[in-house]
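Trainee: Okay, handing you the structure first.
The values are calculated or read from the model by the stated rules, or taken from the named source; none is laboratory data. Just so we're clear, the structure is a prediction, and the values are computed from it rather than from any experiment. Every residue, glycine among them, receives a Cβ derived from its backbone with ideal geometry; neighbour counts consider all protein chains shown. Areas reflect the complete protein model, heavy atoms only, side chains present, ligands, DNA and RNA absent. Shrake-Rupley method; radii C 1.70, N 1.55, O 1.52, S 1.80 Å.
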Amino acid sequence: MNQNLTISQEIAAQPKTVYFTQEDGNALSALLDQCPFKAQATEVKQHLLGERLIETSRIDPEVDWFYCKLGIDSNYFESTPAVVIARHILSLYAAKMVSHATASKLEVQLQSKTEGSATFITPSNPGKRDSPAMVIEQFIESQYFGEGYHQDENAAPVAPALNSPKPPASLPPHGYRLACYRTTGTVSNSSPVHLRLYYLTMPIFPVADASTTETDLNKIGDMSFIARSSDATKKIYQEVMNEVVHKLGPVIKHYPYQTNGARLVIAYRRGSTHSYWSAISELYHYHSMYSTHKYVEQFSNGIVIYSIYLRPLVPDVDINTLIGKISEQSSLVYVLPRTSVTSLFLTHQLSFPEVTYAYIGWKFAYQFLNRYSTEYSALAHVYDSSKQSMLAQLKTRLSKDTFTEGRVRDAVMQYPELVKLLYTDFEKYHFNGPNGHQKYDATHGAEILTHIKRTINNELDCQIFSAILSFNRHLVKTNFYKNTKTALVFRLDPGFLSTTEYPKTPFAVFFVVGSEFRGFHIRFRDIARGGIRIIRSQNTTQYDHNSSSLFDENFNLASTQQSKNKDIPEGGSKGTILLSADHQGKAEVAFRKYIDGLVDLLLPNEEIVDHYAKEEILFLGPDEGTADFMNWASQHAKQRGAHFWKAFTTGKSLSRGGIPHDLYGMTTRSIHQYVLGVLAKQGRDEASCTKFQTGGPDGDLGSNEIKISTDKTIGIVDGSGVLYDPLGLNRAEIELLAGKRQMARYFDKTKLSAQGFFVDVADNDIKLPSGEVIESGLLFRNNFHLNPLAVADIFVPCGGRPESVQLVNVNQLFTPSGESRFPIIVEGANLFFTQKARLMLEERGAIIFKDASANKGGVTSSSLEVLSALALSDEEFVMNMCVKDGVVPDFYNAYIKDVHHTIEENARLEFECIWKEHEKTKTPRSILTDLISNKINELDDSIQTSPLWDNIDLRKKIISQACPKVLLNLLGVDKIIERVPVAYVKAIFGSYLASRFVYQCGLSSPDIQQSFIHQSTSPLHIIIDI
C-alpha cells in the first residue's frame, strides 16, 4: 500500500475497480445541469464534504452518477431529504470499497438503523426468486410492520428464507412507513448490478388516537405524507380510505401509470392478516411483473395502504392483460398469504389459486380420512367395556401415526400435478366464468379417481387424494372466487362423512379457513342454533391434539346441542375456531373473519355459484372465548344487509336486546333442577350434602352454581388451580368470589381448615397438609377430578375440556370397593364425560344426568331471545328489549321471568320423564336422554309435515302455549305468526307439541307417532286444553 495515500485513495486508484464510476466527469456534470434535482444534489455534496468519509475527488462522480445514471425514480428525490440521500450514497460507496478490497462480487447488503428510521440497500434482479430483496422484505415485514410469518415449530422446512424472524418483543401501535425504489440503471457503467432501496420511518401523526372510522387524511396521515404527497395521490388514498374503514377485508384497486405501467393500491386494517407485503411481491413476480417503486403508508386509524408501481418484465407484454389477474388474486393472498405449502407457488409449480386449493385440500383430507373405522367397529363389538379403553387408545394412536398432518402435507407436496387436476375440477363447478359452470354432481370424477390410482402406487397417498376428490364432489358453494373476502368458506353436503364414525348425519357442514385459524360450523337441522367456540392451544402438543380432533369435537358438540334442543324450535349446531399455533392472541380477528365468511354464503351474491339454491339462516350464540363478540357479529350482519341481523346472534349485551346467560343464571337454572330433582326423590336436604365442582367462581356456570346452591362445597377446580377443603369451603367467601367473578386463587386462605389448601397452576413442588408433594400445579389441576381426594355426594362439572373423563381414566373415579366417588353427577359442562364413561359410572351405581338433559337452560334462553328478535319490529325491539342508560324496560323484566319459567318447566318435565322411564325399564339414564331426544326430534319432524299444521285453530293454540306470555300479550298470536318466518313458526309448533307428548306419554306407548298423527287427536287433550 502506498503510505502517502489514504485507504480510500488507495482503493479508488486500483485499476481493477469495476464498481466505481468511470464515466467522464464532464459528461456527468452536463447531465446534472439538466437534472431537476440539481440543487438537492449540491446540498448532498455539501453533507458528504462535511462528513469527510468519502475522498473529496470521488464525491462529484458518485453523487452525479447516483442522480443521473443510477435510475432512481423521481419520487425518491421528491420525498427523501438531502441528508438521508447523502447517507445512502455513503453506504453504497462503503460497499464498493469492501467489494474492491476483497476482490469479490459486489454484495450490497447495507443496513442503517437509527431510532425511528432504517435504511436497507440491496441488489435487485427482476424475476429472480433468489433476489436478496425478498429476504429484506420478509425481515422488514416482521420487524417493522409486525406482520411476519413464523412457521410452526412442528412443520417441515419448505423453502429457504420463507420464514420471517420473530418480531421484536414490543412493537409501536402502528407499523413503520416504507418507501422502496428500484434503480433502472446500474451502480456503475461497467457493472450489471441494479439496486433496491428501502427507507423506513416511524410515522408522526397530527392526531395520535384517531377513531378507527376516521377518514380525514389530514387527521390520520403521517405529517410528512400530508406535506409531500401530490394531490393525485391524496385523492386515490382518500377514495380507498373512505371504503376500507367500513369493510372487514381489503380494498384493492389498480390505476394506469405512465406507458404500459400500473399502480396497484391495497388498503386493509393492520393486524388483520400476516405476511401480506412479501406475499404480494411474490404474486406479481409470479406473473412476470416487477415494481419500479412502492410505498407502505400507515394511518393512525389502523389502516395500512400499499401503493405499488408495476411494469412487465417483458416490455412487449401489455400490462392490462396481467394487472386485473394480480388485483383479483391479491384478495386470495390476503386470506392465506403464506402457508406450509407455499413453496409450490414460489417454485412456480402451482399458481396462487392452485396452492391455496392445495392447502384447503390438505386440511380437509387430514380431518376426514377414514381412520380404521371398519376394523375398530368389528373389534368394539367383540370386546367388553373393560377392554374397550385399551382399544380406544390403540385406535387413537394408529390414527395419529398413520395420517399425521405432516404425512398428508408430504403427499400434497409430492404430487403437484394431481393438485392441478383436482383444482381444475373444482374450478369447473364453482367459477362463474364466461362459459358458465358445471351442474352439481356428487358422483362426478370417476376418471379423476382412475388417474389418481394410476399415478400413485401408495395406498395412503391414494386415500389422501381420494379424500380431496370427495371434497370437490360434496361442495355445494364457496366464496373462493368472490372478489373480496376475509376467509375461505366451503358449504358441504355431509354425504362425505363416514356413517360408521358419524352415525348421525348433520344437515350441513361449513369448513372455514383464514390466515390465523381454521374451523367448522355443523348444524343438524335447517333451523338450528348453537354457540361459536374459540379453541386455544398452550403448546405445540396441545395444538396437535386440538388440530386432529377439531371436527370430532365440533360434531360431538353439535350433536349434544341437537339432543338438548329437543324442546325448542332450533335444532342443534355448533361452530369451532381453532387458532393457529402462531396466532393464539388473535381470537377476535379470527372470529370476525369466520363470521364474515359465513355471511358471504348466507347472502345472495352473483359471484358465488350456489348449487344449494335455497336460503340459509344461521343462528349463532356465545361459547368459550366469544361472549364479547356477539354484539359485533349482529351489527356486522346488519351492515352487510342481512334481514335476519337481530336474530343472527344471541348473548348480546343488554343495550342490544340480549339476554346474558351469566347475568340471569340461565344455564345453571336448568342444571340445578336436576340436582334438586334427585335429592327430592331421595328425600335429602341439599344443605346437608357435599359437592365438588369444576369451573370456578369467575365463570358463568361456576359462579351461578355457587350462587344458586346451598350445599357444602368441598372442592373447586378452575383456571387458577385447585381450591379444596374436606370440611367444606367457607360459603360466604366463595359467594363473594362468585359475585365478583374472581378466580379461586383470590379465596381468603385464612378461611381454610387445617386440611384445606389451594394449589396454583403456577406452583411447583408444593406440599399439601397431608405431606404429599405436588411437583406441578398445572398437572395437579388438570387431573384433580380424578384424584382420590375429590369425594362428594354431588359432582357438578361446570367447566373443563371435552372428554375429561373417558374409558381410559374413568376407573380413577371409583373407590377401592368399586363404587363411584360421586353418587350423583349432573353434567353441566358439555361433553365432560364420554358416553361409555357415563355408562360405566351408571353400572357402578352412580346417578348421572348427561349434558344434553341438564345443560339446556342456556339454549332455551337463547331460543326465546331469537323469538323476540324475529317477532318484534326494529322499533318495538329497541323500546322493549334494549336496556338504555341502565333503565330496564318493564317488558324486558317480565320476559326474563317468562324465560326462567320455561327453563325450569322444561327441565322438570324431562327429569320426571327420564326418572320414570328408568324406574320402569332400568335403561341407563345416559341412554334415556338420547332415546327421549331422538323420539322428540323424530316426532317433531313428522308433525311439521303432517296435516296437524294445517289445523289453524290448533296451530294458534300451540303457538300461544309455547310463546312467553308477555310477548303474546303485546303482539297477539296472529301477529307473531305473521311476522316470524314460516319455517321458524313450524319449528315452534313441532317442537312444543312433540316434547310435551313424549314427556307426558313416555317412550313405551306403541306406535306413538302413528297414532298421534294419523289416527286421533285425542292425545292432545293430555297436553293442551283445546
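Trainee: In whole Å, what are the Cα extents of the stretch 108-338 along the three principal axes, biggest one first?
Mentor: 50, 44, 34
Trainee: In degrees between 0 and 90, to the nearest 10, how far off the longest principal axis of the chain does helix 731-740 point, with axes built from Cα atoms?
Mentor: 40 degrees
Trainee: Angle, helix 446-455 long axis vs. longest principal axis of the chain, Cα atoms, 0 to 90°, nearest 10?
Mentor: With rounding to tens, the tilt is 60 degrees.
Trainee: Could you give the size of the charge dipole of the stretch 938-999 about its Cα centre, using +1 on the Cβ of each K and R and -1 on the Cβ of each D and E, expressed in debye and rounded to the nearest 20?
Mentor: 300 debye
Trainee: Take each of the peptides 134-140, 286-292, average the number of other beta-carbon atoms within 10 Å over its residues, and list them starting from the highest.
Mentor: Per-residue Cβ counts within 10 Å, averaged per peptide and sorted highest first, yield 134-140, 286-292.
Trainee: Tell me, in nm to one decimal, what length is gained between Lys965 and Asn951 on full extension, where the rule is 0.36 nm per residue of separation less the Cα-Cα distance?
Mentor: 2.8 nm
Trainee: Right, here's the next one. In deg cm²/dmol and to the nearest 500, what is the mean residue ellipticity at 222 nm of the chain if only DSSP H runs of at least 4 residues count, each as -39500 (n - 2.57), divided by the residue total?
Mentor: Result for the chain: -14000 deg cm²/dmol, rounded to the nearest 500.
Trainee: Between the stretch 29-90 and the stretch 316-371, what is the C-alpha centre distance in whole Å?
Mentor: 43 Å
Trainee: Only Lys, Arg, Asp and Glu count, each charged at its Cβ (+1, +1, -1, -1), so figure out the dipole size of the chain about its Cα centre, rounded to 20 debye.
Mentor: So the magnitude is around 320 debye.
Trainee: What shape does the stretch 65-142 take by its C-alpha gyration tensor, where a ≥ b ≥ c are the square roots of the eigenvalues and a/c under 1.5 counts as rounded, a/b above b/c as prolate, and the rest as oblate?
Mentor: It is rounded, given that a/c, with a ≥ b ≥ c, falls under 1.5.
Trainee: Here's another thing I want to ask about it. Using the C-alpha gyration tensor of the chain, what are the square roots of 5 times its eigenvalues, in whole angstrom, with the largest one first?
Mentor: 62, 32, 29
Trainee: Which one, Ser190, Phe205, Leu313, projects farthest toward the positive side of the charge dipole computed for the stretch 108-338 from Cβ point charges (K/R +1, D/E -1)?
Mentor: Toward the positive end, the furthest listed residue is Ser190.
Trainee: Order the peptides 336-343, 322-329 from the highest to the lowest mean number of other Cβ atoms within 10 Å of their residues.
Mentor: 336-343, 322-329
Trainee: Quick check: pseudo-label points 7 Å beyond the Cα along Cα→Cβ at Thr102 and Thr56, how many nm apart are they?
Mentor: The modelled label-to-label distance comes out at 3.2 nm.
Trainee: Using only the Cα atoms of the stretch 728-847, build the gyration tensor, take square roots of its eigenvalues as a ≥ b ≥ c, and label the shape rounded, prolate or oblate: rounded if a/c is under 1.5, else prolate if a/b is larger than b/c, else oblate.
Mentor: prolate
Trainee: Hey, another quick one. Taking Cα centroids, how far is the stretch 506-539 from the stretch 182-248 in Å?
Mentor: Spelled out, the Cα-based centre of one part sits 38 Å from the other.
Trainee: Are there GluC sites (Glu not before Pro) in the stretch 595-624 that DSSP puts in a loop and that have at most 14 other Cβ atoms within 10 Å, and which ones?
Mentor: Of the GluC sites (Glu not before Pro), the ones in loops of the stretch 595-624 whose Cβ has at most 14 other Cβ atoms within 10 Å are Glu606, Glu607, Glu615.
Trainee: When a/c is below 1.5 the answer is rounded, else prolate if a/b is larger than b/c, else oblate, so apply that to the stretch 475-567 with a ≥ b ≥ c taken from the square roots of the Cα gyration tensor eigenvalues.
Mentor: oblate
Trainee: In degrees, nearest 10, range 0 to 90: what is the angle between the Cα axis of helix 630-639 and the longest Cα principal axis of the chain?
Mentor: 70 degrees
Trainee: For the cross-link pairs Lys234/Lys586; Lys485/Lys856; Lys69/Lys294; Lys707/Lys920; Lys325/Lys482, which exceed 24 Å when the distance is taken from alpha carbon to alpha carbon?
Mentor: Listed pairs above 24 Å: Lys234/Lys586; Lys485/Lys856; Lys707/Lys920.
Trainee: While we're here: So if I take the centroid of the Cα atoms in the stretch 707-785 and the same for the stretch 632-697, what is the distance between those two points in Å?
Mentor: 25 Å
Trainee: Name the residue from Pro604, Val512, Phe619 whose Cα lies farthest towards the positive end of the charge dipole of the stretch 481-649, charges +1 on Cβ of Lys and Arg and -1 on Cβ of Asp and Glu.
Mentor: Going by the Cα projections, it comes out as Phe619.
Trainee: At a Förster radius of 22 Å, what calculated FRET efficiency corresponds to the Cβ-Cβ distance of Arg536 and Asp628, to the nearest 0.05?
Mentor: Calculated transfer efficiency: 0.90.
Trainee: Tally up the carbon and sulfur contribution to the accessible surface of the chain as a whole percent, 1.4 Å probe, everything protein left in place.
Mentor: Result for the chain: 51 percent of the exposed heavy-atom area is carbon or sulfur.
Trainee: Could you tell me the calculated FRET efficiency between Ala687 and Thr500, based on Cβ-Cβ distance and R0 = 56 angstrom, to the nearest 0.05?
Mentor: 0.70
Trainee: Now for a different question. Run the simple label-point estimate for Thr923 and Ala732 please: 7 Å along Cα→C-beta, distance reported in nm.
Mentor: 4.9 nm
Trainee: How large is Rg/Rh for the stretch 481-649, to two decimals, with Cα atoms and a Kirkwood Rh?
Mentor: 0.94
Trainee: Excluding ligands, DNA and RNA, what is the solvent-accessible area per residue of the stretch 670-815 at a probe of 1.4 Å, expressed in Å²?
Mentor: Each residue of the stretch 670-815 exposes 40 Å² on average to a 1.4 Å probe.
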